[in-house]
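The values are calculated or read from the model by the stated rules, or taken from the named source; none is laboratory data. Just so it is clear, the structure is predicted and the values come from calculations on it, not from any experiment. Glycine also receives a Cβ, built like all others from the backbone with ideal geometry; neighbour counts cover every protein chain displayed. Ligands, DNA and RNA are excluded from the accessible area calculation, which covers all protein heavy atoms including side chains. Shrake-Rupley method; radii C 1.70, N 1.55, O 1.52, S 1.80 Å.
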Amino acid sequence: MPSGSDPFLPLLAEISEVRDLTPDIKLFKLNLREGRIDYRPGQFAIISAFGVGEAPFTFASLPEEGLEFAIRKMGTVTSALHDLGPGDLVGIRGPYGNAFPLEEYKGKDIIIIGGGIGIAPLRPLIHWFIKRKGDYGDLLIIYGARTPRDFAFSHEFEDWARGARLELAIDPPGAPEWKGRVALVPAVVKELKPSPRGSIAITCGPPIMIHYVIQELKALGFSPGQIVTTLEAKMKCGMGKCMRCNVGNKYVCKDGPVFTVEQISQLLEEF
Ligand SMILES: Cc1cc2nc3c(=O)[nH]c(=O)nc-3n(C[C@H](O)[C@H](O)[C@H](O)COP(=O)(O)OP(=O)(O)OC[C@H]3O[C@@H](n4cnc5c(N)ncnc54)[C@H](O)[C@@H]3O)c2cc1C
């Protein structure tokens, strides 16, 4: 449960830094003016733009790195947040949801597969696995974006490539300035053929990408228990009260957003 006496009452936070990651994604660094939020990678918070509304966003940093959120401009709330800058105040409540069971992954090879803004919940994992290399096996990162300008966190790619195998791809038909791979993310999985032996694959991105990535991983022999994803659903409260984000008898906000494919295949036929 979130900190504070009233779980719906946001804590005040000041924006300390805003960085353009792509033409439509900004990274916001927040400093809490009051209280504390203890979270684990995979969890999310609900951020309010005062006078406009609130929306859920995954923590995009490790707790020791400070509070960071990568926010893509979509509609009302995200546009209002994009209009804010350093010194402006927002509300934040949370953390909500479950987290990646990072202890369970110890000793395993890790394959991280992201698309677009789906890299947001994966970034703290990338930092975690690179910092604790000795505890885990090999780290492979596959990250796809529409165009070269749509890669979020490209300023960190050198660091990622030092600690992991980093494979980038942009969508067909490619771009004149791009000398790298041109392919959709599921095709990169098919091409690289990561081994399922002692591995965990963690994926986040647009639903259609996740769907086909899961098919490719299964074709390579990954069991549904070895594939982990984070689900998005429209939600208001974030704590299982408003009943907007149910999938079958589970709530994305409370039982998720992190699920194995084994868990969600019992809820959704499409997986
Ligand atoms: C658990 C969770 C974690 C999330 N983490 C992030 C994150 O780290 N970064 C980020 O940029 N976004 C994240 N999102 C999505 C983000 O919450 C939505 O983009 C945001 O709610 C849109 O609010 P808005 O008022 O700007 O858009 P609205 O004005 O409400 O809607 C604009 C358009 O976006 C669509 N839309 C709104 N919410 C969603 C949604 N949840 N899924 C799909 N389509 C939606 C609407 O149907 C509409 O077409 C997350 C969502 C969830 C549920």
Expressed per residue, the solvent accessible area of the chain in Å² (1.4 Å probe) is about 47 Å²
Taking the chain and a Cβ-Cβ threshold of 4.7 Å, the cysteines left without a partner are C204, C245, C253
The percentage of the accessible area of the stretch 178-271 (probe 1.4 Å, all protein chains present) made up of carbon and sulfur atoms, to the nearest whole number, is 52 percent
Over 27 Å (Cα to Cα) among K29/K131; K190/K234; K26/K131; K133/K193; K73/K108; K108/K218 -> K190/K234; K73/K108
With the chain reduced to its Cα atoms and the Debye formula applied, log10 I(q)/I(0) at q = 0.09, 0.11 1/Å amounts to -0.40, -0.60
Straight-line reach check, K250, cutoff 20 Å on alpha carbons, 8 or more apart in-chain or any other chain, hits among aspartates and glutamates -> E232, E262, E269, E270
Taking alpha-carbon centroids only, the stretch 221-271 lies from the stretch 62-105 a number of Å equal to 20 Å
A correct Karplus calculation of ³J(HN,Hα) over the stretch 53-63, with 6.51 cos²θ - 1.76 cosθ + 1.60, θ = phi - 60°, whole Hz and x for Gly and Pro, returns x, 9, 8, x, 9, 6, 5, 9, 9, 6, x
For the chain the mean separation of alpha carbon contacts under 8 Å (6+ apart) over residue count, i.e. relative contact order in percent, is 17 percent
Spelling it out for L166: with amide H atoms placed in the peptide plane at 1.01 Å from N, the residues 5 or more places away or on another chain with amide H under 5 Å from its amide H are I141
Rounded to two decimals, the Rg over Rh value of the stretch 109-230 from Cα coordinates and the Kirkwood Rh reads 0.94
Of the DSSP H helices in the chain, the ones reaching 15 Å or more along their long axis in Cα terms and averaging at least 0.0 in Kyte-Doolittle hydropathy are 207-219
